[in-house]
Amino acid sequence: MSKRHSLQANLLKSGAEERFMRKRNKTVRMAVAVSLLALSVFSEPKNLIAKEAPMDSERAAAYYEVLDRIMSPPFSYGVSQIVTNPDVLYSGEEGLVYADLIDFDKDGQDELYVLYAQKDTSDPSVYFSNHVQEIWTSQDGEPVKLFEDSYNGFSMWGDRSTALIEGKDQVYLTFYSELERVGYHKFFALENGAFTEKASINYMDNGSNEDGGFTYAYSATEDGAEREVTEDEYGELLNKYLSGGEENQLVNGGTGSPEFVISLDNNTDKITAFLAQLKQAAQPSLAAAEKLDPSQFEQEKLNRFLYKFEGLTGAGYAEGEDADQTFNTADYDSGAIQQWMSWNLLLRGMFDYDANFPKRTPGAKERQWGGFYYKPYNTKALNRFTKNTMGIRIADEKKRTKESSEISAADENSIPSFRKEGTDTYIVSPDAGYVGFTVPQVTSLYSLGGGYYYADLSWYTSDEDDLSSSFDLKDYFVPMEKWSEAQRKQVSAYTYSDTGTTSSFVPSATGYAVLKQVALGGKPEWQLVRYNGDNGWLSDEDIQNYLSGTISE
């Protein structure tokens, strides 16, 4: 039995007055609650790989997808940062606070519990953040939400707290309030595939007595059946759900001043490691691949090669949530490559760091069609570039997917990225500028055999308007372990710990690339095979196929 539960059981036995005297001492209650964190079985994310019964890859992939969605604007959640400040609720900020795998119904399959802070958009006058809790499971490899609760507890009349209670047969999510004149405990449990309120145990004052104190009315609801109970029955019911359980308090209500009490020390590192464990569990076949040291393959050169592909998608003209973020040279849309080359590469100046990209055709002038200017490039040179880079010729390719052709034909304002004239291909040249930069870092590299390699990527972003005069993007292609302090501060996702003595990086996105080593001009060069720059990973099935030699691009 935890300390808090022992105290509570004793106080219940001694009567309501002593119980309510304890509730007045918030400092003592907080000290007891915080001391429990060190003992809690939930206080640290579990190590998936070390479990006796490893999580199946589909479930791990589903849970990774949930966390990816939570942390990836502009999708439905968009709370991209990781919270390290327990007072974040007061600032109106957002961020992921806690994520863990918990077997709520003790059936041997873990559910995903998530806690995050999110801005309250329902009422513009509410400055403070909600704290949101979700519980997910996986069915047929797809994430399924079992429970959701959003709460803004900034009230001088309420102090709802949140805790996880591990009992013998179940893990309860409990909300509770323990004020002087009214209080409750609500216990939520996973039963028969649904997460529902198992019990609600309540008290409230029933008026003053002749001694100037209060009398109390007690009630309880179990499995949907409500009834009045005596004070003794009230205590017995609380013990039924609390007795013998380990508690992990997550949110302390603190009348008018709620806060996260789950330990947020090194929270960035803990959640990043948890995401990495989920990703690894989703790719068990990767354990059979040979893990390599990226530095053995000129990591700076590899980062520079991958830099140009940021923004490459599988379907041309798709935007926002509908964009297919995975590119595969075995199944691509030429319109997507054309769009990437014009609107992304020329707009962002990303060709400036690729010596192999052809120069403009000497003597040829820009052309104008539909109010847009197009720059001229020799068609053969462009085809040579895409052939060397991705193994395909694109400048003279006429094939377009039906979907993209229909989009282009239906939109009178659509702008073709390429216009051919004679021996040249003209590429639309947007006149808008791009502020900031996004650079990749290869965080791990695996040999898949047959000349194929799999690289995990992390992208680091800065949107600063005032880049220093000494700024040189080439400095960011070197492994980030070698970045200077000034470089690190330039990256917007870089955060300091509370002590200010250590630091950690939160990438703006993660992803992967499948690469092939080819010989060009007698020298080994990289060629892109597959790519995802939006928090994706290579499926375990594809990894198996590469390792067995089944996939041949």
Volume per residue (Å³) of the convex hull spanned by the alpha carbons of the stretch 163-212 is 90 Å³
Treating every alpha carbon of the stretch 195-288 as one equal point scatterer without solvent, the Debye formula yields log10 I(q)/I(0) values at q = 0.15, 0.18, 0.23 Å⁻¹ of -0.90, -1.04, -1.18
Cα Rg, Dmax, the stretch 273-314, angstrom units
13.8, 31
Roll a 1.4 Å probe over the protein heavy atoms and report the accessible area of residue 485 in Å², nearest 10.
80 Å²
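Which value does Rg/Rh take for the stretch 78-199 over its C-alpha atoms, Rh per Kirkwood? Before the final figure, lay out each step's value.
Numbers: Rg = 15.5 Å, Rh = 15.7 Å.
Reported Rg/Rh (Cα atoms, Kirkwood Rh): 0.99.
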Can you put 88, 144 in order of accessible area, largest first, using a 1.4 Å probe?
144, 88
Exposure rank, largest accessible area first [539, 417; 1.4 Å]:
539, 417
Taking 268-281, 353-366 and ranking on average Cβ neighbours within 10 Å, highest first, one gets 268-281, 353-366
Mind grabbing the accessible area of residue 474 for me, 1.4 Å probe, Å², rounded to tens?
80 Å²
Considering only the other residues whose Cβ falls under 10 Å of the Cβ of residue 361, what net charge follows from Lys and Arg at +1 and Asp and Glu at -1?
+3
Do any of 279/489; 270/516; 145/198; 119/489; 387/474 go past 23 Å between their Cα atoms, and which?
279/489; 270/516; 119/489; 387/474
Accessible area (Å², 1.4 Å probe, nearest 10) - residue 142:
110 Å²
Shape descriptor, the stretch 504-543: equivalent ellipsoid semi-axes (Cα gyration tensor, sqrt 5λ, whole Å, largest first) stand at 26, 15, 7
Heavy-atom accessible area with a 1.4 angstrom probe orders 390, 71, 204, most exposed first, as 204, 71, 390
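The values are calculated or read from the model by the stated rules, or taken from the named source; none is laboratory data. This structure is a prediction, so every number in the text was calculated from the model and none was measured. Virtual Cβ from ideal backbone geometry, glycine too; neighbours counted across all protein chains shown. Protein only, heavy atoms only, side chains kept; ligands, DNA and RNA dropped before computing areas. Shrake-Rupley method; radii C 1.70, N 1.55, O 1.52, S 1.80 Å.
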